[in-house]
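One structure below.
The values are calculated or read from the model by the stated rules, or taken from the named source; none is laboratory data. Predicted model, so just to flag it, every value in this text is computed and none were measured. Virtual Cβ from ideal backbone geometry, glycine too; neighbours counted across all protein chains shown.
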């Protein structure tokens, strides 16, 4: 009963927003029960705790070390996503994108939140085609309204960057009028850019 009791105590501290106390409990569990039945659950709780503490370097080391030592663990896909998220917060975007890919390949839950963060990472790396594909996969997950608006806007931006103005126009038409005014302003700017290019092209063709 000691193992579940320790986990329960750590969860109470987490609920009380006392990550320092929670971390001590979870680290004690890992020290006492290195091969414990709840190792996977505890390490993910420890990740959550360290994220609350904003100990990003410690969290990065934990994720990497755990993945090295647990090549066949069932929580491996979830830990890859935690690694990807941590790398992204540390602005290590190339490594973050790779970690997302490894996690999704390993069978991590491809939620709309996860896919959107992955797509945004690719977007920041200017991986236009891959970002478009990732945003499309977000839309296929039936995301909430704001997520869908953001995905369509980003697809339009990447199509514009690729000079695929017709496809950008289609994405903007699917976006329509958004709830978010910032999205509407960006959408109007992209529409204007596409129209300018079209008019310029027609003028050159005369």
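Annotation note: of 36, 88, 58, the sole residue that is assigned to a helix (DSSP H, G or I) and in contact (Cβ under 8 Å) with a residue 12 or more places away in the chain is 88.
Kindly indicate whether residue 45 is at pLDDT 95 or above, over 24 Å from residue 134 (Cβ atoms) and under 22 Å from the mean Cα position of the chain (by Cα).
Yes: the conditions hold for residue 45.
Of note, residue 172 does not satisfy the criterion of being more than 15 Å from the chain's Cα centre (by Cα), surrounded by 20 or more Cβ atoms within 10 Å (Cβ to Cβ), in contact (Cβ under 8 Å) with a residue 24 or more places away in the chain and more than 30 Å from residue 55 (Cα to Cα).
Touching a helix residue (DSSP H, G or I) at 6+ places or on another chain (Cβ under 6 Å), free of Cβ contacts under 8 Å to residues at least 24 places away in the same chain and assigned to a helix (DSSP H, G or I): does that describe residue 80? Taking the combined requirement at face value, the residue does not satisfy it.
The test for being at pLDDT 95 or above and more than 19 Å from residue 40 (Cβ to Cβ) does not hold for residue 104.
None of 178, 168 is more than 23 Å from residue 87 (Cβ to Cβ), at pLDDT below 95, in a loop (DSSP other than H, G, I, E, B) and in contact with a helix residue (DSSP H, G or I) (Cβ under 7 Å, 6 or more places away or on another chain) except 178.
Yes or no, residue by residue, for (1) out of contact with any strand residue (DSSP E or B) (no Cβ under 6 Å at 6 or more places or on another chain); (2) crowded, with 16+ Cβ neighbours inside 10 Å; (3) free of Cβ contacts under 8 Å to residues at least 12 places away in the same chain; (4) assigned to a helix (DSSP H, G or I):
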{"position": "94", "(1), (2), (3), (4)": "yes, no, no, yes"}
{"position": "97", "(1), (2), (3), (4)": "yes, yes, no, yes"}
{"position": "120", "(1), (2), (3), (4)": "yes, yes, no, yes"}
{"position": "137", "(1), (2), (3), (4)": "yes, yes, no, yes"}
{"position": "143", "(1), (2), (3), (4)": "yes, yes, no, no"}
{"position": "153", "(1), (2), (3), (4)": "yes, yes, no, yes"}
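Of the residues 60, 116, the single one that is within 22 Å of residue 182 (Cα to Cα) and touching a helix residue (DSSP H, G or I) at 6+ places or on another chain (Cβ under 9 Å) is 116.
Restricting attention to the stretch 16-31, the residues that are free of Cβ contacts under 8 Å to residues at least 12 places away in the same chain, assigned to a helix (DSSP H, G or I) and touching a helix residue (DSSP H, G or I) at 6+ places or on another chain (Cβ under 9 Å) total 2.
The test for being at pLDDT below 95 and either closer than 17 Å to residue 23 by Cα or in contact with a helix residue (DSSP H, G or I) (Cβ under 7 Å, 6 or more places away or on another chain) (or both) does not hold for residue 95.
Take the residues in the stretch 99-114 that are more than 17 Å from residue 151 (Cα to Cα) and assigned to a helix (DSSP H, G or I), then tell me which one is nearest to the chain's Cα centre (by Cα).
We begin by selecting, within the stretch 99-114, every residue more than 17 Å from residue 151 (Cα to Cα); these are 99-109.
Checking which are assigned to a helix (DSSP H, G or I) leaves us with 99-105.
Details: 99: 10, 100: 8, 101: 11, 102: 13, 103: 11, 104: 11, 105: 15 Å.
So, considering only residues that are more than 17 Å from residue 151 (Cα to Cα) and assigned to a helix (DSSP H, G or I), the one nearest to the chain's Cα centre (by Cα) is 100.
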